[in-house]
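Read through the structure below, which is laid out as structure tokens, and then see the notes.
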Amino acid sequence: MNKIRKILVANRGEIALRIMRTIREMGLLSVAVYSDVDVTMPFVRYADEAYNLKGNEAKDTYLNIEKLIDIAKLSGVDAIHPGYGFLSENADFAKSVINAGLIFIGPQPGAISSMGDKTAARRLAKEFGVPIVPGMENPVTDIEEAVREAEKIGYPVLIKAAAGGGGKGMRIVRSRSELESNISAAKGEALSAFGDDRVYIEKFISNPRHIEFQILADEYGNIVHLYERECSIQRRHQKVVEETPSTALSPEVRREMGEAAVRAAMACQYSNAGTVEFVIDDEGHYYFLEMNTRLQVEHPITELTTGIDLVKEQIRIAQGEKLSFTQEEVVKLGHAIECRIYAEDVYNSFLPDTGIIKFLREPAGNGVRVDSGVESGNEISVYYDPMIAKLSVWARTRDDAIRKMRRALEEYVVLGVQTTIPFCNFVMDSTPFKSGRYSTNFVAELWNLQPDSNDIPLEAFIAASVVLKSGRTIEDGKETIKIKSKWLDRRFEE
């Protein structure tokens with residue numbers, strides 16, 4: 001067993017801080033790395049040691065393998081935790097960590113490679129009896145082959161990048177006339193995003209639900225799942241609201257999908273934490289989508305419903321310990337919901353909104369968890385993902401969890417940048433979400449709201465809020481400004 005005493009966290013923001021908190025709870029030491037623009041971020045101060053990566057562009061900082069390994073050696077760490085994003089699913093990085101004599105807190109490079117290639121992952125899943133979406137098991141080689149496969153599958157079809165995800169290199173094709181141009185566009189986007197232009201074709205499921213199962217596996221062949229998370233509310237193929245358990249699954253289907261997730265992990269001899277993603281069609285059939293070989297953004301809701309610290313389990317597995325529990329001992333209680341709080345303009349296609357956070361007030365209370373990476377005065381820069389925090393709640397029932405999330409969102413105040421809080425409020429209040437009947441088309445079908453009074457200065461809302469609390473009106477010359485509490489509170493949050 002390789003005892004870990006000191007860990008470098010090769011990431012930033014909320015996930016770096018979240019990992020470091022577990023490191024401290026385990027009595028271990030943490031090392032942060034940071035870009036120039038991140039020097040004042042909370043995770044840098046929280047770490048036991050911090051080292052400047054010099055620069056701001058991701059390729060020069062958090063994606064620079066050589067710099068990260070050099071700092072790991074300089075600081076004398078035993079292991080590196082990659083978090084999510086950046087190099088977390090990069091097999092070459094995992095190899096570099098291991099070759100440097102350090103422990104990579106994640107799966108083996110071979111498993112990362114196997115599941116990172118979507119066509120290879122589909123072949124492995126099928127071999128181990130995991131249902132896959134009808135489609136190609138190898139990348140497209142020429143247009144004639146693509147035409148044959150698309151006609152065999154039946155339109156509409158989905159073109160997908162073999163080496164990536166997050167909606168990049170993805171195109172929906174509804175007829176033969178659209179096929180060639182969309183293949184060319186998808187290949188170009190895939191090459192730009194992943195350095196690999198391979199694409200493949202699979203059946204497009206028009207009204208799917210996106211369900212993923214959290215798995216944990218040790219180096220001795222023991223694998224368990226920690227049940228599912230529903231991730232169907234997305235924009236640009238990226239998740240915004242998640243919940244567990246899913247309203248789409250019966251106990252029998254939940255059991256079948258959990259077993260299928262375990263088989264998918266077996267297929268690549270997996271160890272550490274990972275997530276097996278599925279889609280479910282209108283008829284309730286489920287299909288393997290992909291496997292994320294890392295910790296997921298939405299892991300807090302699994303922790304809230306199982307009581308299992310996933311980062312702690314990752315560290316234990318990485319230093320050679322066996323899983324301390326069996327599948328039968330995993331107990332799932334209550335209901336949890338997560339809202340991702342991004343600095344985005346939800347009224348303008350969810351485009352990132354950069355700037356300085358002038359004021360921040362986070363919600364609190366029983367059953368409320370905020371995984372935050374920023375504080376007042378911090379900058380949401382152009383260089384990285386604009387996530388501010390993840391807001392998660394737990395309650396005994398789904399209805400109670402929705403009400404708790406609505407209350408927490410009402411308490412959340414972020415001034416200086418636009419955020420996804422108004423959209424998350426909309427989701428909690430929407431009939432499809434409340435009823436549990438929704439799909440990945442939620443945003444496209446339902447989100448068409450426009451902002452109210454965007455031309456009113458931020459200072460006016462602050463002043464109005466102060467006056468409202470005191471119960472007075474504001475006199476502006478001859479005009480008395482009347483304030484509606486609910487409207488003001490909503491605009492003040494924004």
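Listed values, structure above:
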{"item": "Ranking of L191, L226 by count of other Cβ atoms within 10 Å, fewest first", "result": "L191, L226"}
{"item": "Residue order, fewest to most beta carbons within 10 Å, for V382, V147, V157", "result": "V382, V147, V157"}
{"item": "Net charge of neighbours whose Cβ lies under 13 Å from the Cβ of H299, counting Lys and Arg as +1 and Asp and Glu as -1", "result": "-2"}
{"item": "Cβ-isolated cysteines (cut-off 4.7 Å), the chain", "result": "C231, C268"}
{"item": "Most positive-pole-ward Cα, I143, G154, S181, against dipole of region 134-203 from beta carbon charges", "result": "G154"}
{"item": "Region 387-443 - charge dipole about Cα centre, Lys and Arg +1 at Cβ, Asp and Glu -1, debye rounded to 20", "result": "220"}
{"item": "For region 176-278, convex hull volume per residue from C-alpha positions, Å³", "result": "145"}
{"item": "Ranked F359, F350, criterion: other C-beta atoms within 10 Å, fewest first", "result": "F359, F350"}
{"item": "Debye intensity ratio in log₁₀ form over the Cα atoms of region 55-147, taken at each q of 0.13, 0.14, 0.25, 0.26 Å⁻¹", "result": "-0.59, -0.65, -1.22, -1.29"}
{"item": "Value of D in µm² per second that Stokes-Einstein yields for the chain, Kirkwood Rh from Cα pairs, at 25 °C (0.890 mPa s)", "result": "103"}
{"item": "Value of D in µm² per second that Stokes-Einstein yields for region 209-446, Kirkwood Rh from Cα pairs, at 4 °C (1.567 mPa s)", "result": "70"}
{"item": "Extended-chain gain in nm, criterion 0.36 nm per residue less alpha-carbon gap, K73 and K332", "result": "89.2 nm"}
{"item": "R0 of 51 Å, Cβ-Cβ distance W447-K3: FRET efficiency to nearest 0.05", "result": "0.55"}
{"item": "Spin-label pair K59/R176, simplified geometry with 7 Å Cα→Cβ offset, distance in nm", "result": "4.1"}
{"item": "Scaled radius of gyration (Cα, divided by 2.2 N^0.38 Å) that region 6-105 gives", "result": "0.94"}
{"item": "Equivalent ellipsoid semi-axes, region 134-203, via Cα gyration tensor eigenvalues times 5, rooted, Å", "result": "18, 11, 11"}
{"item": "The chain - percent relative contact order, Cα under 8 Å, separation 6 or more", "result": "13"}
{"item": "Calculated [θ] (222 nm, deg cm²/dmol) that DSSP helices of n ≥ 4 give over the chain, each run adding -39,500 (n - 2.57)", "result": "-10500 deg cm²/dmol"}
{"item": "Per-peptide average of other Cβ atoms within 10 Å, ordering 109-118, 57-66 highest first", "result": "109-118, 57-66"}
{"item": "Nearest-20 debye value, the chain charge dipole, Cβ charges on Lys, Arg, Asp, Glu", "result": "800"}
{"item": "Dipole magnitude of region 134-203 about its Cα centre (Cβ charges: Lys, Arg +1; Asp, Glu -1), debye to nearest 20", "result": "260"}
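The numbers here are math on the coordinates, done by the rules we state, and not lab data. All values derive from a computational prediction rather than experimental measurement. Using ideal geometry, Cβ is built from the backbone for each residue, glycine included, and neighbour counts are taken over all protein chains shown.
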